[in-house]
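See below for the structure under consideration.
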Amino acid sequence: MSRKVIIVGNWKMNKTAAEAKAFIAEFKPMAESMNNVQVGIAPTFTSLAAAVEAAKGTNIMVGAQNVHWAESGAFTGEISAAMLKEVGVQFVIVGHSERRQYFGETDETVNKRTKAALAAGLDVIVCIGESLEEREGNKTECVLKTQLNGGLAGLSAVDMDKIVIAYEPVWAIGTGKTATPEMADDTQAFCRKVVAEMFGGEVAEKVRIQYGGSMKGDNAAELVAKPNIDGGLIGGASLKAASFAELVNNAING
Ligand code: PEP
């Protein structure tokens, strides 16, 4: 089965609304020739409205970097799925390792956020990944299985149509260290096997699994060429329009 490549820039806490608009203005003409790929950006909450407006009529998807699971209420500093939907975003990233590391994200909260986002009609990128200590201790598969079982618990096969999994080894994020294409592919094949155990083979064949962790213009092609790597979640290399475009083009054209 051929799965459409999906490449998303996670801007983290970078770019003001004005900077997001400037990025999209520069990236828009380059995105026009990007066929057979879904391209998205995930700006900060305060830049979302400007980014959605600037991306109107283009093939650039706009998403958020987090969402709360409650519909409304006393959750100071949080944003609900309905609020994101109202702004016009298409997807949300959930469970990024920085959220897990610095903000107490757990598999249970990943699951609650995912369900709230799906209920509001948003697509969800669910991030998973092992630390260096876990990889060196031969715990990678156990960690990923636990994260997938917990994060995707209670979802249906239909829900899974709106889920993308991002496998991001924590030791490769923002470090310049990339998993080798073989290592990433083997690990992502394992993730697909876990999805098959949970939802059946058909869902596992269909679900897209991105790789994330120091993906750049010069390594994107060999990573995305692997059978189990269906795109990328990109941090640093998504912040400049030209380097992000180069990465996307290399990934899809090989
Ligand atoms: C990320 O934060 O999701 C990421 C992959 O970052 P970087 O590309 O900078 O390693």
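The values are calculated or read from the model by the stated rules, or taken from the named source; none is laboratory data. A quick note: this is a predicted structure, and the numbers were derived from the prediction, not measured. FYI the Cβ positions are ideal-geometry reconstructions off the backbone, even for glycines, and counts take in every protein chain you see. Each accessible area value is taken on the protein alone, full model and side chains, heavy atoms only, with ligands, DNA and RNA left out. Shrake-Rupley method; radii C 1.70, N 1.55, O 1.52, S 1.80 Å.
At a Förster distance of 25 Å, what's the computed FRET efficiency of N253 paired with A157, Cβ-Cβ distance as r, to 0.05? Let's see the in-between values first.
Numbers: r = 33 Å, r/R0 = 1.31.
It comes to 0.15.
For K216, give me every one of the lysines with a C-alpha distance below 21 angstrom, ignoring sequence neighbours fewer than eight places off in its own chain.
K4, K12, K15, K28, K177, K226, K240
Taking the Cβ of T106 as the center, what net charge do the other residues with Cβ under 13 Å away carry, scoring Lys and Arg +1 and Asp and Glu -1? It would help to have the intermediate numbers written out before the result.
Numbers: positive: R99, R100, K112, R113; negative: E105, D107, E108.
Taking every other residue near T106 into account, the sum is +1.
For the chain, what is the relative contact order in percent, using Cα pairs closer than 8 Å and at least 6 residues apart in sequence? Each step should come with its number before you reach the end.
Working: 511 pairs, mean separation 51.1, N = 254.
Taking the mean separation of contacting Cα pairs over the length of the chain, I get 20 percent.
With +1 on each Lys and Arg Cβ and -1 on each Asp and Glu Cβ, how big is the dipole of the stretch 58-164 about its Cα centre, in debye rounded to the nearest 20? Please list the in-between numbers first.
Working: 10 positive and 15 negative charges, 34 e Å.
For the stretch 58-164, the charge dipole is close to 160 debye.
I need the peptides 30-37, 159-166 ranked by packing, meaning the mean over residues of other C-beta atoms within 10 angstrom, with the highest value on top.
Details: 30-37: 13.5, 159-166: 20.6.
Highest-to-lowest ranking by the protection proxy: 159-166, 30-37.
Excluding D123 itself, calculate the net charge of residues whose Cβ lies under 10 Å from the Cβ of D123, where each Lys or Arg counts +1 and each Asp or Glu counts -1. Provide the component values of the computation, followed by the final result.
Numbers: positive: K162; negative: D161.
Spelling it out: positives minus negatives among the neighbours equals 0.
Which order do peptides 208-219, 47-58, 77-88 fall in by mean Cβ count within 10 Å, highest first?
208-219, 47-58, 77-88
Sum -39500 (n - 2.57) across every DSSP H segment of at least 4 residues in the chain, then divide by the residue count to get the 222 nm mean residue ellipticity, nearest 500. Display every interim value, and only then the final one.
Numbers: 12 runs with 113 residues, N = 254.
Computed mean residue ellipticity for the chain: -13000 deg cm²/dmol.
With the convex hull built on the Cα atoms of the stretch 45-121, state its orientation-averaged projected area in nm². Please report the intermediate quantities before stating the final value.
Numbers: hull surface 21.3 nm².
Average of the hull's projected areas for the stretch 45-121 equals 5.3 nm².
For G9, what residues show an amide H to amide H distance below 5 Å, using hydrogens built from the backbone and excluding near sequence neighbours?
G40, I41, A42, I234
Around L247, what is the net charge, scoring Lys/Arg as +1 and Asp/Glu as -1 over all other residues with Cβ under 11 Å from its Cβ?
Details: positive: K216, K240; negative: D218, E246.
Spelling it out: positives minus negatives among the neighbours equals 0.
Of the chymotrypsin sites (Phe, Trp or Tyr not before Pro) in the stretch 101-176, which ones lie in a loop per DSSP and count no more than 13 other C-beta atoms within 10 Å? Let's see the in-between values first.
Working: sites: Y102, F103, Y167, W171; in loops: F103.
Passing sites in the stretch 101-176 are F103.
Rounded to the nearest 20 debye, what is the charge dipole size of the chain about its Cα centre when +1 sits on each Lys and Arg Cβ and -1 on each Asp and Glu Cβ? Please list the in-between numbers first.
Values: 25 positive and 30 negative charges, 84 e Å.
So the dipole magnitude of the chain works out to roughly 400 debye.
To the nearest 20 Debye, how big is the dipole of the stretch 1-92 about its Cα centre, given +1 on the beta carbon of each Lys and Arg and -1 on that of each Asp and Glu?
Using only the charged Cβ atoms, the result is roughly 260 debye.
Give me the percent of accessible area attributable to carbon and sulfur for the stretch 94-222, probe 1.4 angstrom. All intermediate terms of the calculation are to be shown ahead of the outcome.
On the way: 2800 of 5460 Å².
Carbon-and-sulfur percentage of accessible area, whole number: 51.
Hey, can you find the accessible area per residue of the chain for me, probe 1.4 Å, expressed in square angstrom? Working shown, then result.
Values: 11240 Å² over 254 residues.
Per residue, the chain has 44 Å² of solvent-accessible surface.
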